[in-house]
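Everything on this sheet refers to the single structure shown next.
The values are calculated or read from the model by the stated rules, or taken from the named source; none is laboratory data. Model, not experiment: these values are computed from the prediction. In this analysis, Cβ positions are derived from the backbone assuming ideal geometry, glycine residues included, and neighbour counts consider all displayed protein chains. Only protein heavy atoms, including side chains, enter the accessible area calculation; ligands, DNA and RNA are left aside. Shrake-Rupley method; radii C 1.70, N 1.55, O 1.52, S 1.80 Å.
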Amino acid sequence: ELFYLLWGHALQIIACIILGGAAAFSITYFFIRPQYQAAAKLYVVSASSNSIVNLSDLQLGSQLTADYQELLLSRPLLEDVIFTLELDIPAEQLDQFIEDIKIENPPNTRILSITVTRPDPQQAAEIANEIARQAVLYLPDIMESPTPHIYESAIVPTQKSSPSTARNVVLGGLLGACLACGVLVVRYLMNDTFVTPDDVAKYLGVQPLAVIPEGDLGDFNAHKKKKLFERKDTK
């Protein structure tokens, strides 16, 4: 019954899908500011003999990687980045600025990826590169460890990382379809009136013997009703 109910309202459901997708597209395009990501990468290994990287250097790099991940988001380093680039970021907004920075270490590597997400693609690349440069200067001095190397600088992104217009349109269409189906199902389940004689037999177990149609009879028997009202008025 529910299948035939939804099938009978297929046009309304399709219309809701189109409206939901159009609404999601409008919100994504006009009200959500696009974000861009830029990434710089560090290699956390240096040759102890200044010429050959041995096993101890690789082990040391693996041990230092986790510490570097935390120190790259330290307040002094980020304050130097903000000062050097002359960014308009007050001290009380530093925590929000940190949320735009992601430090990742691929498994079984001594590589650190510094990814910065900002509304301005040029600024995202500049911040990622400056964090990498500050890491080369700041981290060896703090940890008294070998200097990491920048092996890949960030470039200005040309494609936005978020939001995804296609994904939001699909989600908006699905949401519209779910709302339409939900309303139809709820209205159907809450409707306890008998529409056809089969409903009486189904829910009450009684087979109706006759059906009295309900409708507008028009001018049928209108003259008799008129005379009846005239008699009542005269009384």
Fill in the blank from the handout: Just one listed residue, out of 92, 130, 104, is within 14 Å of residue 81 (Cα to Cα), out of contact with any Cys (no Cβ under 8 Å at 6 or more places or on another chain) and without any contact (Cβ under 8 Å) to a residue 60 or more places away in the chain, and it is 130
Completion exercise
For region 154-189, the count of residues that are among the aliphatic types (A, V, I, L, M), open to solvent by less than 90 Å² (accessible area, probe 1.4 Å) and either without any contact (Cβ under 8 Å) to a residue 24 or more places away in the chain or in contact with a Ser or Thr (Cβ under 6 Å, 6 or more places away or on another chain) (or both) equals 3
Practice task
Name the one entry in 81, 44, 116, 53 that is at pLDDT below 80 and surrounded by 15 or more Cβ atoms within 10 Å (Cβ to Cβ).
Solution key: 44
Exercise for the section: Identify, by number, the condition in (1) aliphatic (A, V, I, L, M); (2) assigned to a helix (DSSP H, G or I); (3) without any contact (Cβ under 8 Å) to a residue 24 or more places away in the chain that residue 135 doesn't meet. Expected result: (3)
Problem - Residue within region 190-204 that is closer than 30 Å to residue 79 by Cα, part of a loop (DSSP other than H, G, I, E, B) and either open to solvent by 50 Å² or more (accessible area, probe 1.4 Å) or at pLDDT below 90 (or both) present - result: no
Exercise for the section: Could you please let me know if residue 127 is farther than 15 Å from residue 35 by Cα and either modelled with pLDDT of 90 or more or aromatic (Phe, Trp, Tyr) (or both)? Expected result: no
Completion exercise
Per the filter on region 75-89, residues of a type outside the set (A, V, I, L, M) and free of Cβ contacts under 8 Å to residues at least 40 places away in the same chain are 75, 79, 83, 86, 88
Handout entry: Test for residue 141: is it assigned to a helix (DSSP H, G or I) and free of Cβ contacts under 8 Å to residues at least 40 places away in the same chain
Key = yes
Exercise for the section: Scan region 19-38 and report the pairs whose first residue is in a loop (DSSP other than H, G, I, E, B) and whose second residue is open to solvent by 70 Å² or more (accessible area, probe 1.4 Å), with Cβ atoms within less than 9 Å and a gap of 6+ or a chain change. Expected result: 34/160
